[in-house]
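The values are calculated or read from the model by the stated rules, or taken from the named source; none is laboratory data. All figures in this text were calculated on a predicted structure; none of them were measured in a lab. Counting neighbours? That spans all protein chains shown, and the Cβs are built from the backbone with ideal geometry, glycine included. Heads up: the accessible areas ignore ligands, DNA and RNA and are worked out on the full protein's heavy atoms, side chains in. Shrake-Rupley method; radii C 1.70, N 1.55, O 1.52, S 1.80 Å.
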Amino acid sequence: MRIFIIGSLPDHLPGADQPILPDHAPLFEAGRQLGWVLAADGHRAIIGSSSRRTIDPYIFEGYAEYCRDHPDAQVHIEIQFPVDGSNAGYEPDYPDAPDNLHVIKVENYADASSPHRWIVSHFAALRSADLLILLGGGVSTRILGSYAASNQIPTLAIREYGGSSAEVFLLAQHTYHEAVPRLGKTPTRDSAQRMVSFATKLAARGTASIHSYFLSYSWGDCVTADHVEVLLRRLGRVVFRDEEQVKLGHRLPSQLQASIREADTFIALWSRKYDASRWCPSELEYALESQESGRPSRVVLIELDEARPPLQAASLLRARGDSRELLDLCIRRLIEQE
């Protein structure tokens, strides 16, 4: 699941030298704990700024800590930021990412004459996310959260650290249907896990009617997988993918099996790397077995190179994808044939 997280010191004014006080420590610790749990659960956080007055670097620290705790894991985090025709430097600086933390950078064009470049980028990030989480915050958080809550976009406003998130909570609370967990004044990993579990249920209710895709790929084809995911999300589809690439024992993890069964369409990015993988063929095999019970309803093989497809591919939907143009055409045809 893709979760856009926005927030900052309460009443934060971008560019202002607002002091960071001891009272702000629980807000930042909440960001670290949420980041760790999101990484552990295989979710992808979308963040933007690297300012220490925003929640973003603390979410990143949580992801980085999880990666250092689990050096065999492969984890994704996404950074979206504005660019303009002057090539001004708005790209956030995160220089110390562990090698196993895959940082995806997405540039959102914003006119150089506009003073609201970050708002433009935030709305682009919101469009690509399954859920919005708000903590603390000032004007940007209020604008984005109010828009999302008023337009049936799954929105989890965490009110206990003040700021505009507490205001947005009042707009969004009718969508929660149950008590929202508390992170507390001393946020812990357990309280963060309860919050993430609640967020997952909230997002699932908001995406239940949208056609969904499971993307199966070799870690060596991760750049191509990123491109396919962006295409699908720009066309308004839900995308599941195995972002950890960590497998223990001889069976696919139950969470991964559930994601495959939940998807309407399973896409395998077939290549020499996929064929040589210990686990990718198992994902394809499981998808074919699950298809007999109705989900996924389609299993598609997109061939990235000249690797010989498996025998069972004879009965599958197949398409060439060894160029950007062919990949784009293939994805658009899949959308048309839903």
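Along the charge dipole of the chain, pointing to its positive end and built from +1/-1 on Cβ of Lys, Arg, Asp and Glu, which listed residue (LEU231, ALA179, VAL120) has its Cα farthest out?
ALA179
For ARG127 and SER315, compute 0.36 nm times the residue count separating them, minus their Cα-Cα distance, and round to one decimal in nm.
64.1 nm
So how far apart, in nm, are the two label points at ASP41 and HIS177 if each is 7 Å from Cα heading toward Cβ?
Going by the 7 Å Cα→Cβ label model, 1.7 nm.
Could you give the accessible area per residue of the chain, probe 1.4 Å, as a whole number in Å²? Could you put the intermediate results ahead of the total?
Values: 15500 Å² over 338 residues.
Per-residue accessible area for the chain comes out at 46 Å².
More than 22 Å apart: what percent of Cα pairs in segment 218-338 qualify?
29
Run the simple label-point estimate for ARG52 and TRP219 please: 7 Å along Cα→C-beta, distance reported in nm.
3.3
Between SER297 and ALA25, how high is the FRET efficiency from 1/(1 + (r/R0)^6) when r is the Cβ-Cβ distance and R₀ = 56 Å? Nearest 0.05. All intermediate terms of the calculation are to be shown ahead of the outcome.
Working: r = 49 Å, r/R0 = 0.87.
For SER297 and ALA25, the calculated efficiency is 0.70.
Could you order SER113, SER218 by accessible surface area, starting with the largest, using a probe radius of 1.4 Å?
From most accessible down to least: SER113, SER218.
On C-alpha positions alone, give me the angle between the axis of helix 280-291 and the longest principal axis of the chain, in degrees, nearest 10.
80
Using protein chains only and a probe of 1.4 angstrom, how many square angstrom of TRP279 are accessible, to the nearest 10?
Near enough 30 Å² of accessible area.
Compare the peptides 178-188, 299-309 by average per-residue count of other Cβ atoms within 10 angstrom and give them in order, highest first.
299-309, 178-188
Calculate the all-directions average of the projected area of the chain's alpha-carbon convex hull, and give it in nm².
About 17.7 nm², averaged over all directions.
Take the Cβ-Cβ distance between ASP17 and ASP93 as r, set R0 to 22 Å, and report the resulting FRET efficiency rounded to the nearest 0.05. Before the final figure, lay out each step's value.
Values: r = 18 Å, r/R0 = 0.83.
The formula returns an efficiency of 0.75 here.
Rg over Rh of segment 145-232, using C-alpha atoms and the Kirkwood radius, what does it come to?
On the Cα set of segment 145-232, Rg over Rh gives 1.07.
Using a/c under 1.5 as the rounded threshold, could you call segment 15-63 rounded, prolate or oblate? The axes a ≥ b ≥ c are square roots of the C-alpha gyration tensor eigenvalues, and prolate needs a/b larger than b/c, oblate otherwise. Write out the running numbers ahead of the final one.
Working: a/c = 4.09, a/b = 1.72, b/c = 2.38.
In terms of gyration-tensor shape, oblate.
Per residue of segment 218-230, what does 6.51 cos²θ - 1.76 cosθ + 1.60 with θ = phi - 60° give for ³J(HN,Hα)? Whole Hz please, x for Gly and Pro, Karplus curve as stated.
7, 4, x, 9, 5, 5, 5, 4, 4, 5, 4, 4, 4
What does the charge dipole of the chain about its Cα centre add up to, to the nearest 20 debye, if the Cβ of each Lys and Arg holds +1 and the Cβ of each Asp and Glu holds -1?
700
Using alpha-carbon pairs under 8 Å, 6+ residues apart, how would you state the relative contact order of the chain in percent? Don't jump to the answer; show the numbers that get you there.
Working: 627 pairs, mean separation 49.9, N = 338.
Relative contact order here is 15 percent.
Using the Kirkwood radius over Cα pairs, work out the Stokes-Einstein diffusion coefficient for segment 36-149 at 4 °C and 1.567 mPa s, in µm²/s as a whole number. All intermediate terms of the calculation are to be shown ahead of the outcome.
Numbers: Rh = 14.9 Å.
Roughly 87 µm²/s, to the nearest whole number.
Compare VAL83, VAL196, VAL230 by solvent-accessible area with a 1.4 Å probe and give them largest first, with all protein chains kept in place.
VAL230, VAL83, VAL196
Quick one: with all protein chains in place, what share of the accessible area of the chain is carbon or sulfur, to the nearest percent (1.4 Å probe)? Can you show the working numbers first?
Working: 7890 of 15500 Å².
Accessible surface attributable to carbon and sulfur in the chain totals 51 percent.
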